[in-house]
Amino acid sequence: MGGASSSSSSSSSSSSTKKRLNKFKRAPGYEDPAVLAAQTTFTANEVEALYELYKNLSFSIVKDGLIHKEEFRLALFSNTKGSNLFADRVFDMFDLKRNGVIEFGEFVRSLSIFHPKASESEKTKFAFKLYDLRGTGYIEKEELKEMVLALFAESDLCLSESAVEEIVDNTFKQADSNGDGRIDPKEWEEFVKKNPASLRNMSLPYLHVRRRVLDQGKRLSTVSLHCDGERHPL
C-alpha cells in the first residue's frame, strides 16, 4: 500500500514538473542571445527584449511559438485581412529557411538590417531584393509599380494612375543609367547614394528597450520599434 502511494506521489510530482518545464519551454528556433548579438547589430540585452516581442507575436493568433504570415501582417499593419504585397514580401525575406514561418533566430537576424547601426550597404541590398519581386537580379518597372501601389495602399493614400506612373518614371530616369529599362544592383547602389531618403523605410531609428519592475519583483521586458516617417518607397 505504502509503495503504491509513494509511486503515485512520485508520478504526480513528475507530471507536475513536466508541466512546469513545458510552460517555460523556449520557442522553436530559439538561439542564445549572446550568439545572436555577436552575429547582428543588436546587443545581448536587446536580443533578450526582442525575444519577449517575438513571443507576443508568435502567440498572437496561431499560438505555436512561430510567427506565421497573418501574425506578421498584424504586427506591421494591425490587421490580418487580405494580403499585402509589401508585408508578404518582407515576410518571405525574413523566412530564411523558406518553411512558411519565422523562427526566433530568423527574426533577429533579419530585423538587424533595420537597426540604426546596420550598414547602408546591407540596407541597400535588402531594399533591392525587396523590389526585385521576380528574383531576376533586376528591378523592372512593373515590379516597382506594384510595390509603390502596395505601400501607398497600406498608408491609406490614394494616388491616381498617372501619379504612380510619374513616380516610377522619375525613379527610372535617375536610376536606369544605361537605359535598358531595368535597374541592376550597381545602378540601385548609385541611386541610393544620391537619394538616401529611398532607404527611410529601412530603418528603425527609435529602437529602445524599457524595463519595469512588477509587484512580485519580476521584470518585464518590452520593446518599442518605431519606424520614422511615412511608408513612401522613394
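The values are calculated or read from the model by the stated rules, or taken from the named source; none is laboratory data. As the structure is a computational prediction, the values presented were derived from the model and not from experiment. With ideal geometry, Cβ positions are generated from the backbone for all residues, glycine too; neighbour counts draw on all protein chains shown. The area values use the complete protein model at the heavy-atom level, side chains included, leaving out ligands, DNA and RNA. Shrake-Rupley method; radii C 1.70, N 1.55, O 1.52, S 1.80 Å.
Quick notes on this structure:
- Matching option when the condition is open to solvent by 10 Å² or more (accessible area, probe 1.4 Å) and within 30 Å of Val35 (Cβ to Cβ), among Leu130, Leu111, Leu149: Leu111
- Qualifying residue in the stretch 83-91 (condition: in contact with a Pro (Cβ under 9 Å, 6 or more places away or on another chain) and open to solvent by 50 Å² or more (accessible area, probe 1.4 Å)): no
- Residue in the stretch 154-190 that is modelled with the lowest pLDDT, counting only those that are open to solvent by 60 Å² or more (accessible area, probe 1.4 Å) and within 26 Å of the chain's Cα centre (by Cα): Asp156
- Criterion applied to Val148, Val62, Val108, Val101 was being under 19 Å from Phe42 (Cβ atoms) and either within 13 Å of the chain's Cα centre (by Cα) or of a type in the set (A, V, I, L, M, F, W, C) (or both), and the one residue passing it is Val108.
- Of all the numbered requirements in (1) part of a helix (DSSP H, G or I); (2) among the aliphatic types (A, V, I, L, M); (3) in contact (Cβ under 8 Å) with a residue 60 or more places away in the chain; (4) open to solvent by less than 30 Å² (accessible area, probe 1.4 Å), Ala118 misses one, and that requirement is (1).
- Being of a type in the set (Gly, Ala, Ser), at pLDDT below 85 and in contact with a helix residue (DSSP H, G or I) (Cβ under 8 Å, 6 or more places away or on another chain) is a condition met by at least one residue of the stretch 199-217.
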